[in-house]
1. Please determine whether any residue of region 70-89 is hydroxyl-bearing (Ser, Thr, Tyr), free of Cβ contacts under 8 Å to residues at least 24 places away in the same chain and not in a helix (DSSP H, G or I).
2. Looking at region 114-140, I want the residues that are under 24 Å from Arg104 (Cα atoms) and in contact (Cβ under 8 Å) with a residue 40 or more places away in the chain and have a partner that is among the basic types (Lys, Arg) and surrounded by 17 or more Cβ atoms within 10 Å (Cβ to Cβ) with Cβ atoms under 7 Å, at least 6 apart or on another chain. Which pairs are those?
3. Would you check which residues across region 141-157 are in contact with a helix residue (DSSP H, G or I) (Cβ under 6 Å, 6 or more places away or on another chain) and either free of Cβ contacts under 8 Å to residues at least 40 places away in the same chain or of a type outside the set (A, V, I, L, M) (or both) and list them?
4. Please specify each residue of region 106-126 satisfying the condition of being more than 14 Å from the chain's Cα centre (by Cα) and assigned to a helix (DSSP H, G or I).
5. Quick one: in region 18-29, of everything that is crowded, with 18+ Cβ neighbours inside 10 Å and touching a helix residue (DSSP H, G or I) at 6+ places or on another chain (Cβ under 6 Å), which residue is nearest to Val45 (Cα to Cα)?
6. Please identify the pairs in which a residue from region 36-49 that is assigned to a helix (DSSP H, G or I) has its Cβ atom under 6 Å from the Cβ atom of a residue that is exposed (fewer than 15 other Cβ atoms within 10 Å of the Cβ) and at pLDDT below 95, counting only partners at least 6 apart or on another chain.
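The values are calculated or read from the model by the stated rules, or taken from the named source; none is laboratory data. Keep in mind that this is a model prediction, so the values were computed, not measured. Glycine also receives a Cβ, built like all others from the backbone with ideal geometry; neighbour counts cover every protein chain displayed.
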Amino acid sequence: MPDSVIRLAVIGEAADVARVLRDAFEPYRPLYTPEAFAATTPSEVELRQRWHEGPVWVALEGDRIIGTVAAVPRPGALYMRSMGVHPDSHGRGCGRRLVEAVERHAVAASHPVLLLSTTPFLDGAIALYERCGFRRTDAGPANLAGTPLFTMEKILE
């Protein structure tokens, strides 16, 4: 399979982004509280409402969206959120290329730090983030609606 193409998403793709997030996290649903799963897999409407908060990228194979990530500026950092890759596309480097897109954006926008929050049971995602240079911090949040979380950061300066 050829490499996926990473590009900025457009708001008209919000339904596809929502589908990818649902599909990516569905295998882990039993490990989330219902409220945390809903927050992790926002609907098309919710994604459209927060689209203006920061850029959203998609990974495509052909014309099919197989991955996504978004970023939101925070004081002193860029926060990476809503990252997911369709389970059928795991292991092809798509996640790494999505992280790299966010990092390029962060550097270009002079953000000194990249932050993300993840759950301790997403072993594959945690390993990816560590390979990309992220390290676990003691900063919060510690949970999302009753599901445990921890923060990871990558210093860019």
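1. no
2. Pairs that qualify, where the first residue is under 24 Å from Arg104 (Cα atoms) and in contact (Cβ under 8 Å) with a residue 40 or more places away in the chain and the partner is among the basic types (Lys, Arg) and surrounded by 17 or more Cβ atoms within 10 Å (Cβ to Cβ), are Leu114/Lys154.
3. Within region 141-157, Thr147, Met152 meet the criteria.
4. Residues of region 106-126 that are more than 14 Å from the chain's Cα centre (by Cα), as a first pass: 106-113, 120-121, 123.
Matches in region 106-126: Ala106, Val107, Ala108, Asp123.
5. Step one: of region 18-29, the residues crowded, with 18+ Cβ neighbours inside 10 Å are 18, 20-21, 24-25.
Cutting the leftovers down to touching a helix residue (DSSP H, G or I) at 6+ places or on another chain (Cβ under 6 Å) gives us 18, 25.
Values: Ala18: 9, Phe25: 18 Å.
If we take residues in region 18-29 being crowded, with 18+ Cβ neighbours inside 10 Å and touching a helix residue (DSSP H, G or I) at 6+ places or on another chain (Cβ under 6 Å), then Ala18 is nearest to Val45 (Cα to Cα).
6. As it stands, the answer is Ala36/Ala145, since those pairs meet every condition given.
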